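What follows is a short report on a single structure.
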Ligand SMILES: [Zn+2]
């Protein structure tokens with residue numbers, strides 16, 4: 001069936017329109033232009049900036065003229081992914097949106113429900129003559145999916161609202177009230193090299209494989225083992241049984257993913273080869289006991305390889321193995337306010353070996369500024385103690401939980417009115433644009449919600465029609481209650 005048969009008509013009309021305009025991240029000219037034209041056609045003041053953020057201003061409706069304004073926010077860009085064999089050119093072609101009345105999806109591609117539904121809601125509200133609402137500052141940001149570039153570049157001088165509703169959450173019934181800030185840390189620890197005596201030495205590759213991996217924020221507390229840390233453990237144990245000289249260590253691939261694989265190349269005296277193999281096998285048995293329920297596919301192997309020309313000296317080897325085993329990683333603190341929620345964590349996502357140093361790259365996250373600061377200091381102290389240096393970059397602020405929030409109170413009360421039950425109030429241990437915006441607009445009262453989306457960022461993405469309808473009714477009721 002066509003989307004136009006679904007109600008609310010306006011919401012699906014604008015959603016269809018948005019889907020017909022290619023709007024992948026970095027390709028937001030046309031969608032931004034469309035929003036500006038929309039504002040012009042409806043006589044609304046609007047501006048578009050160089051980053052392709054669009055801001056549309058609407059007065060409060062009758063009875064709400066003097067109410068405090070509210071920012072309604074969503075992002076204009078979408079992640080473009082398609083099935084193998086899908087011919088659509090997502091740079092140029094619109095999406096082929098389908099529905100069976102229960103779900104909405106796009107044939108062969110991502111749907112862009114994340115975050116097209118927010119834009120559709122906002123335009124439908126702005127287009128309406130009958131929906132009561134306070135003054136609205138509609139903030140449509142660009143390039144959220146590639147580092148929140150729009151929010152970062154945003155000039156907030158003409159935004160006067162002190163309350164903001166972000167419509168970029170993906171589970172109906174959940175109100176998000178805090179998100180993590182983050183910073184990337186790169187720790188370089190130096191080593192010295194020496195030449196290898198080929199007559200008496202042999203070389204091995206020790207590899208850790210078969211781990212689950214996962215998202216470094218959302219899954220950091222789910223007992224996913226970090227392959228780099230396990231490599232540190234197996235090397236510690238092997239170095240007690242043999243005299244190892246490290247040649248190189250590598251692992252992981254992304255700062256924001258828990259590493260699934262890691263490996264080390266080592267040299268050792270030939271007559272210790274069997275000891276090495278034995279100690280790795282024993283360590284593997286130990287880990288299978290320890291991790292049988294959480295990492296059943298774990299595999300640790302030692303394989304003979306060709307001799308390298310050089311290896312690290314003994315002092316460096318000892319220091320680096322110590323570093324890999326002991327350097328902080330994983331969940332650091334749970335939230336005292338929101339049950340089951342990680343407050344502070346760090347993920348050692350990438351390990352690499354350069355000419356004269358190893359490089360460890362982290363993503364540090366915390367839902368409080370202080371939590372982030374403490375972990376940054378811990379990582380720095382550890383690295384410097386081992387003779388290394390630390391560089392922090394792409395720091396972005398957390399959206400901290402507010403003990404007192406009038407917006408949250410209104411959203412909860414309205415939720416109970418509409419749904420006849422309490423919402424789940426939670427935080428997320430990952431970045432949202434709310435973090436960037438909180439850093440720019442002091443004392444902003446914010447909340448994030450949205451209808452249920454499934455499999456976002458994949459060609460299986462779908463949006464639940466009934467959830468879109470209920471979330472719409474809820475949003476309208478919230479606006480009505482924001483006197
Ligand atoms: Zn999104």
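What residue, of 281, 294, 261, is surrounded by fewer than 17 Cβ atoms within 10 Å (Cβ to Cβ) and under 28 Å from the mean Cα position of the chain (by Cα)?
294
Counting only residues that are crowded, with 22+ Cβ neighbours inside 10 Å and touching a helix residue (DSSP H, G or I) at 6+ places or on another chain (Cβ under 9 Å), which one in segment 330-347 is nearest to residue 243 (Cα to Cα)?
Once the filter is applied, the top-ranked residue is 346.
On the given criteria, is residue 448 modelled with pLDDT of 95 or more, within 16 Å of the ligand (Cβ to nearest atom) and surrounded by 14 or more Cβ atoms within 10 Å (Cβ to Cβ)?
Taking the combined requirement at face value, the residue satisfies it.
Given (1) loosely packed, with under 15 Cβ neighbours inside 10 Å; (2) over 15 Å from residue 237 (Cα atoms), where does residue 327 come up short, assuming only one miss?
Single failed check for residue 327: (1).
Take segment 6-25 and flag every residue that is farther than 14 Å from residue 112 by Cα and either within 32 Å of the chain's Cα centre (by Cα) or in contact (Cβ under 8 Å) with a residue 24 or more places away in the chain (or both).
If the condition is that a residue be farther than 14 Å from residue 112 by Cα and either within 32 Å of the chain's Cα centre (by Cα) or in contact (Cβ under 8 Å) with a residue 24 or more places away in the chain (or both), then 6, 7, 8, 10, 11, 13 are the ones that fit.
Conditions (1) at pLDDT 95 or above; (2) within 19 Å of residue 205 (Cβ to Cβ), marked per residue:
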residue	(1), (2)
220	no, no
223	no, no
239	yes, yes
243	yes, yes
251	yes, yes
257	no, no
294	no, no
313	yes, no
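Any idea which residue in segment 400-420 is nearest to residue 359 (Cα to Cα), counting only those that are in contact with a helix residue (DSSP H, G or I) (Cβ under 8 Å, 6 or more places away or on another chain) and modelled with pLDDT of 95 or more?
Here the residue is 411.
Just one of the numbered conditions (1) modelled with pLDDT of 95 or more; (2) buried (at least 22 other Cβ atoms within 10 Å of the Cβ) is not true of residue 194; which one?
Exception for residue 194: condition (2).
Looking only at segment 90-142, count how many residues are in a helix (DSSP H, G or I) and within 14 Å of residue 166 (Cα to Cα).
Going through segment 90-142 one residue at a time, the tally reaches 9.
Here are some residues: 149, 140, 88. Which one is out of contact with any helix residue (DSSP H, G or I) (no Cβ under 9 Å at 6 or more places or on another chain) and within 14 Å of the ligand (Cβ to nearest atom)?
149
Can you tell me which of 469, 373, 420 is within 22 Å of residue 121 (Cα to Cα) and away from the ligand (no atom under 16 Å from the Cβ)?
Details: 373 fails: within 22 Å of residue 121 (Cα to Cα); 420 fails: within 22 Å of residue 121 (Cα to Cα).
That would be 469, the only listed residue that is within 22 Å of residue 121 (Cα to Cα) and away from the ligand (no atom under 16 Å from the Cβ).
When you look at residue 78, is it within 16 Å of the ligand (Cβ to nearest atom) and surrounded by 17 or more Cβ atoms within 10 Å (Cβ to Cβ), yes or no?
On the way: within 16 Å of the ligand (Cβ to nearest atom): yes; surrounded by 17 or more Cβ atoms within 10 Å (Cβ to Cβ): yes.
Yes, satisfied.
I'd like the residue in segment 157-207 that is in contact with a helix residue (DSSP H, G or I) (Cβ under 7 Å, 6 or more places away or on another chain) and closer than 30 Å to residue 275 by Cβ and, out of all such residues, is farthest from the ligand (Cβ to nearest atom).
200
The values are calculated or read from the model by the stated rules, or taken from the named source; none is laboratory data. Because the structure is predicted, anything quoted here is derived from the model rather than measured. FYI the Cβ positions are ideal-geometry reconstructions off the backbone, even for glycines, and counts take in every protein chain you see.
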